[in-house]
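Reading through the structure tokens given below for one structure.
The values are calculated or read from the model by the stated rules, or taken from the named source; none is laboratory data. These figures come from a predicted structure and were not determined experimentally. Virtual Cβ from ideal backbone geometry, glycine too; neighbours counted across all protein chains shown.
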Amino acid sequence: MENMSPETMFILATIGMAGFGIVLGTLTPAIVESRVALKALDGMIRQPEIAGDLRTTMIIAMALLESTAIYVLLILLILIFANPLLERFFSGAAPESLWFLLHV
């Protein structure tokens, strides 16, 4: 670790945090989506005559919740493959030692 360049350590930290971020960014909407489905099914069981309206509302709510996971994925892909912080702090692209990680 002591012979690693600061750029390499920065990219490794970014990749590690991106992995952690995608876990949190997808786990949270998944939990909330399951709660939405549970409540919608509960409402459909209690009042079957409004099942169509509940189903439509549930699908819209789940689409909005899933979009947050897509936004998290987009930002993390930007941080991994086109990291603007790397150019700002190190005035360059990825170091040669990590080039294989970015183009696998």
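Being of a type outside the set (S, T, N, Q), closer than 30 Å to LEU86 by Cβ, free of Cβ contacts under 8 Å to residues at least 24 places away in the same chain and surrounded by 11 or more Cβ atoms within 10 Å (Cβ to Cβ): is that true of MET9 here?
yes
Quick check, is THR56 among the polar types (S, T, N, Q) and either over 20 Å from the mean Cα position of the chain (by Cα) or more than 30 Å from ALA18 (Cβ to Cβ) (or both)?
It is true that THR56 is among the polar types (S, T, N, Q) and either over 20 Å from the mean Cα position of the chain (by Cα) or more than 30 Å from ALA18 (Cβ to Cβ) (or both).
Considering only the range 8-39, state which residues are farther than 19 Å from VAL72 by Cβ and aromatic (Phe, Trp, Tyr).
PHE10, the sole residue that qualifies.
Would you check if there is a residue in the range 25-38 being modelled with pLDDT of 90 or more and among the basic types (Lys, Arg)?
Within the range 25-38, one or more residues are modelled with pLDDT of 90 or more and among the basic types (Lys, Arg).
Among all residue pairs at least 6 apart or on different chains, which show Cβ distances below 6 Å where the first residue, located in the range 65-85, is under 15 Å from LEU24 (Cβ atoms) and touching a residue at least 24 places away in the same chain (Cβ under 8 Å) and the second is among the polar types (S, T, N, Q) and surrounded by 11 or more Cβ atoms within 10 Å (Cβ to Cβ)?
Final answer for the pair search is ALA69/THR26; LEU79/THR14.
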